[in-house]
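Worksheet: one structure, shown below.
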Amino acid sequence: MGSTTIKDVLLSLIALLIFPGGLFLLFVGLAYEWIDRKLLARMQNRVGPRWFQPLADTIKLLAKEEVVPDAVDASLFIGLPIVALAGVLTAAIYMPFPGLPPVGSFPGDLIVTVFLLSLVTICLGLAGANTLDRFSLVGATRALTQLFAYEAPFLLALLGPAFVAGSWEISEIIGYTDGRWLLITQPFGFIVAVIGLIGKLEIPPLDAPEAETEIVAGALTEYSGRGLALFRLGKGVALVLGLTLIAAFYLGGVATPLLFLAKTLVLLLVIVGIHALFTRLRIDQTVGLWWRYGTLLVLVQWLGIIIWQGVMI
Amino acid sequence: MKFGTMLGDLTISLFSQPSTERYPFERSEAPERLRGMLIWHPEDCIGCGLCAKDCPAGALDVIVLDKESKKYQLRYYPDRCTFCAQCVYSCRQGCLEMSNEIWELAALDRSMFDIIFGDCLENG
Amino acid sequence: MSEVGKRETFTIPIGPQHPALKEPEHFLISVDGEIVTDVVVRLGYAHRGIEKAVESRTWVQSLYMLERICGICSHIHAMAFCLGVEQLAGVEIPPRAQAIRVIVAEIERIHSHLLWLGVSAHEAGFDTLFMYSWRDREKIMDLLEGLSGNRVNYSVNVLGGVKYDIDGAQETAIREAISFLEERTRHYLEVVTKDALFLQRTRGIGVMTRSQAEVLGTVGPTARASNVYRDIRVEAPYAVYDKYPARIILDNRGDLEARFFVRITELFESYRLIMEILETLPDGDLSTRIPRRINAGETVSRVEAPRGELFYFIKSNGSDIPERIRARTPTICNMMSVVKLLVGHQLADVPMMLAGIDPCFSCNDRMVVLNRGRNKERLLTWEALRQYGIDYYKRRSA
Ligand code: SF4
Ligand code: SF4
């Protein structure tokens, strides 16, 4: 009896820390970053990086000296990237990855997950506001502005499937959506969710918070070495998690690894396409777009669902 | 007003080879007129020194070894040369030419950048 | 009002080192939130003393020195200089040489405008357009390389003519490249005038009215986008532009979109000119002899560079070394318009509007002596000048 418990605990730990959570997830994040960059390069008729480039970047950054600027709170400066990465890795616990035991599953974990995913951006904003660098400050302001604009519609878009599934627990929603393509019944929700993810992760064209030609690297301008590596890893993992959530909720579930790969990669292709096709929006346009159209679309969606449910009853 | 006007380009590129030249791995042929390293043909040189006089970079020295037997040397510093071809234009004897093959001129060693064309007297 | 005045201004330095600028130049932007309230520009980081340097070089050597004022429009600088010197020397150069000069100048304009298209698209965050326009620009670079043997500083000019001929093979290459580019340019024109998201960043941004454009002394495509009829090729035709007249492209909107429209439409104009000149390329020599000592005198030479009017003042004292050469480049004329127009725009528009005039900072950095009110001339020795510099920066940093 005692031995089985220890074995269970060990297995769960391995599942969470090494495979398929934790360490493995970091590598998946890097791999997706590579696919992202490679696809973008090929769309632009370039060669693009080799497969190990993101890994090499990360190793190089980790090995580099981290310069802590004067006039920053050093503990915050060093701590924030760790919190950001820890946040997204925690969010992975509730994820419907094939093979990951839903150890921490509880009613309402969807909300927790979405907020844990936002932790990267919040940390980014705080990190920018922590320094005296003027680019960082502008970047931080923009990052936080964008975060507040995106949070609500993204959450609302994910609540659509939750609503029809009748539960706010991810594993139960997955159980409902498995095999059901909510993309067809809730197209607006899907669109808003994808654009929301782009905005949340500050992927171009919604990358005003780190617009290179205006404010250098935005909130991350002062970061070098380890801090930068951790933030990048965090973003990579957050991308994978976001793709997984959307694929699981809207594209008929990710029950097997193959389905997971196929669906998230198709989503990634869509996101890279949007990246390549559109011009960066200014921060006022980004926010305006969201409040004007994004929120409206989701609300229309919700109205539809409610009426539909009313009819069914 | 349209959205995604470049979609066509993206789709074509996604399924075709990148247009990047994979230079050191593949070398495309240099055009015929490429202005690479300077080459000196001493046969007709009259030692007038015009090439050195007109060179904007001071990359040429004409060394007179023996005026009687028309023995000259041309000292050429490829690192100073701006590859403008003024010397080629100035030389009325047509002794100068720019190679279209020797153009990878980077070197780790400065001795590469001090070239003396032409034999010394002793060697005949 | 006084509240605003009291509030500490938040300034953002763009440059001298900044990803938006490929050359060192400093813009100090004061912002209120995201809105620009004041702009201070500091030029001179790329001042190289070329004008002084040519005073100790022969006319022939000066040509190559001046060619290096600008990397992108190297040919037009050399051409302006050659035209001026040939005029001073009283030398008439063969018609074929004139025509080839103009063909290269137009190819250079294509190269410059395509380069600008890519740079501005990148400033707007539209990297796909950037990559594609530069990929197609490569055709032009290959053309120039095949024609002259070099991709940048082509050095086609010599005093008294040109060095390189356009033979049958070159001609076919030019025709092929142009027919390819014509199609691509049509596509780019559609992108910059139709793409909804791109227009969000250009339409109605940085509007410069016609009177503003005239008062601020803008030149080139920047002025033409504000409906100012200004093009040296038409107003004071040089080389063969009197036989092959260029058409001026105008737009009355004055915003960034208009500048995109004007520059891209000008590409078609360049294609047409090149084709026309190729059709009727006169036969004859490529160059004539020109004396080493240029007759004493002074002259002015004006040409239309891709960015606008390029002005050369050339003074000779009869020796083989120029007495004084003064270049005024288009960017310096257009610079004030940026400084003026930026106020009131969003911070995000700053890189776009800067790129909108197609700035070339190393061209820009010329020395001007303002001696108003001081009326005092001083001669400094090298030592004294050095000391002055050290003291000046000590004072500034204190
Ligand atoms: S190519 Fe120009 S710089 Fe080089 S040696 Fe000849 S004249 Fe001098
Ligand atoms: S210009 Fe020609 S002939 Fe005169 S010294 Fe130079 S290489 Fe010899």
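Throughout, read-outs are computed from the coordinates displayed, never taken from laboratory work. Everything numeric here is computed off the predicted structure, so don't read it as measured data. In this analysis, Cβ positions are derived from the backbone assuming ideal geometry, glycine residues included, and neighbour counts consider all displayed protein chains.
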Can you compute the modelled spin-label distance between A:W291 and C:E279, with each label point 7 Å from Cα toward Cβ, in nm?
5.8 nm
Counted charge near C:H113, where neighbours are those whose Cβ lies closer than 10 Å (Asp, Glu -1; Lys, Arg +1):
+1
Take every residue in peptide B:81-87, count the Cβ atoms of other chains within 10 Å of its Cβ, and give the average of those counts.
6
For the ranges A:277-290, B:99-112, A:252-265, A:64-77, what's the packing order if you count other beta-carbon atoms within 10 Å of each residue, average per peptide, and put the highest first?
A:277-290, A:252-265, A:64-77, B:99-112
Tell me the net charge near C:S179. Cut-off is 13 Å between Cβ atoms, C:S179 excluded, with +1 for each Lys or Arg and -1 for each Asp or Glu.
0
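Per-residue counts of other Cβ atoms within 10 Å, averaged by peptide: what ranking do you get for A:157-165, C:304-312, highest first? The partial results should precede the final answer.
Values: A:157-165: 22.8, C:304-312: 25.6.
Packing order, densest peptide first, comes out as C:304-312, A:157-165.
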Which aspartates and glutamates, on any chain, are close to A:K60 with Cα under 19 Å apart, when same-chain ones fewer than 8 places away are left out?
A:E33, A:E222
Based only on Cα atoms, what mean projected area does the convex hull of chain C have, in nm²?
21.8 nm²
Once you put a point 7 Å from the Cα of C:K243 and another 7 Å from the Cα of C:R292, both along the Cβ direction, what distance in nm separates them?
3.3 nm
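Let's test the formula: R0 of 60 Å, r as the Cβ-Cβ distance of C:D142 and A:I111. What FRET efficiency results, to the nearest 0.05? All intermediate terms of the calculation are to be shown ahead of the outcome.
Numbers: r = 58 Å, r/R0 = 0.96.
Computed FRET efficiency for C:D142 and A:I111: 0.55.
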Need one number: nm distance between label points at C:K340 and C:W382, each 7 Å from Cα along Cα→Cβ, rounded to one decimal.
4.3 nm
Provide a whole-number value for the mean count of partner chain Cβ atoms within 10 Å of the Cβ atoms in peptide B:6-17.
6
Which of A:L245, A:L11, A:L26 ends up with the largest GNM mean-square fluctuation for chain A, with Cα atoms connected below 10 Å?
A:L11
Suppose every K and R has +1 on its Cβ and every D and E has -1 on its Cβ; what is the size of the dipole of the protein assembly as shown about the Cα centre, in Debye to the nearest 20?
1360 debye
Net charge, A:A248 excluded, C-beta distance under 10 Å - Lys, Arg +1, Asp, Glu -1
0
Using a Förster distance of 35 Å, how high is the FRET efficiency between C:Y393 and C:R210, based on the Cβ-Cβ distance and rounded to 0.05?
0.25
Most packed first (mean Cβ within 10 Å per residue), the peptides C:116-125, B:24-33 order as C:116-125, B:24-33
For segment A:20-312, take every pair of Cα atoms, bin their distances at 5 Å starting from 0, and report each bin as a whole percent.
1, 6, 12, 16, 19, 17, 14, 9, 4, 2, 1, 0, 0
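Please compute, for peptide C:56-63, the average count of beta-carbon atoms on other protein chains lying within 10 Å of each residue's beta-carbon. Working shown, then result.
On the way: counts 0, 1, 3, 1, 8, 8, 1, 4.
Across C:56-63, the average partner-chain Cβ count within 10 Å equals 3.
Compute the Kirkwood hydrodynamic radius of the protein assembly as shown, taking the inverse of the mean of 1/r over all pairs of distinct Cα atoms, and give it in Å to one decimal. Display every interim value, and only then the final one.
Details: mean 1/r = 0.0327 Å⁻¹.
Evaluated over the protein assembly as shown, this radius sits at 30.6 Å.
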Cα-Cα longer than 30 Å, checked against A:K235/C:K194; C:K163/C:K315; A:K38/C:K194; A:K38/A:K64; A:K64/A:K263; A:K7/A:K235, kept in input order, equals A:K235/C:K194; A:K64/A:K263; A:K7/A:K235
Return the FRET efficiency for the residue pair B:H41, C:V234: r is the Cβ-Cβ distance, R0 is 30 Å, and the value is rounded to the nearest 0.05.
0.05
Taking Cα centroids, how far is segment C:180-219 from segment C:28-82 in Å?
25 Å
So, with +1 on the Cβ of K and R and -1 on the Cβ of D and E, and no other charges, what is the size of the charge dipole of chain C about its Cα centre, to the nearest 20 debye?
1460 debye
Just round it to a whole percent: the fraction of Cα-Cα distances in chain B exceeding 17 Å.
66 percent
